[in-house]
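Read-outs throughout are calculated quantities, based only on the coordinates presented, and are distinct from any laboratory measurement. Keep in mind it's a predicted model, so treat the numbers as computed, not measured. Positions of Cβ are generated from backbone atoms using ideal geometry, with glycine treated the same way; all protein chains shown enter the neighbour counts.
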Amino acid sequence: MALLIASVGGVVEAKAEFPQVSVYPLSQTVDAIRNVLTANVCISDVFNLYAYEFKLYYNSTVLNGTSAAPGLFLEESGQKPFFYIVSFTDHYNSTYGIVWIDSSLEGNILGVDGDGTLATIEFKATAPGNSTSLSLRDVKLSDPNENPIPYVSFDGTVTVLAKNTENPSNTANTETVAILTIILIILILIPIPFITRKMHKKPRSHTIL
C-alpha cells in the first residue's frame, strides 16, 4: 500500500489511497508575456462524488485570470451539474487572485467514481521572469448524503520566461532567405570577368590585298 505525503484537508499528514485533487499540469512554463495558459483542477481515485468546492489562489502580479469552466467529470452521472463561480478576481488582496468554485449534482442520484477534470481555468501571463504557485485551499468533497470525502491535494506551479522563445519556423525562414541571397549574389558576379575580358579584347587585324 503506497503512502502519499500531501495536504490532507489542510493538514500535512501521511495517508494512503485517498482521492487526489490536483492542479494539472503540476508544473508548466509560459514562453512569453501575454501568453495564455490552462490549468485543470483534476480528481482521481474518488468514489461516489456528488459535490465539490475549492479555492485556487495565484499571484496576480504574475498571472491574470481570464476564464473558468466546468470539467466533464460530474457529467458522467448523466446529469448536467450545478456549477457556480463564487468568486473570480485578480484582486483578492494586493498580491493574490482567487478562483472559488462550487459544483454539485442535483436530485436523488448516485455520485461519480474514478478520475476526471473538475474545472478548467485559463490565465494570461503578465510578468516575465517570475513564477507563482497555483494553490488549492479549502477543498471540500462530499457524497450524496453530504458526508465529507477525505482527500489529498497537490498545488501547481507556473513559470513565465523572461524572453520570447524564438519560433523555429522563423529561424528556418531566415536561413532560407540568407541562402537565396548568397546564390543571387554569386549569379550576378560570375559573368563580370567574362564581360570584362570581352570588352578589352584587341580587334583582329586584316590584310588588304
Full-extension gain in nm, residue 84 to residue 182, via 0.36 nm per residue minus C-alpha separation: 29.1 nm
Gain on full stretching of the segment that runs from residue 126 to residue 159 - 0.36 nm per residue minus C-alpha separation: 10.8 nm
Built amide H within the under 5 Å cut-off of residue 63, gap 5+: 126
For the stretch 91-150 versus the stretch 35-53, the gap between their alpha-carbon centres in whole angstrom: 6
Highest-first arrangement of 82-91, 109-118, where packing means the average Cβ count within 10 Å: 109-118, 82-91
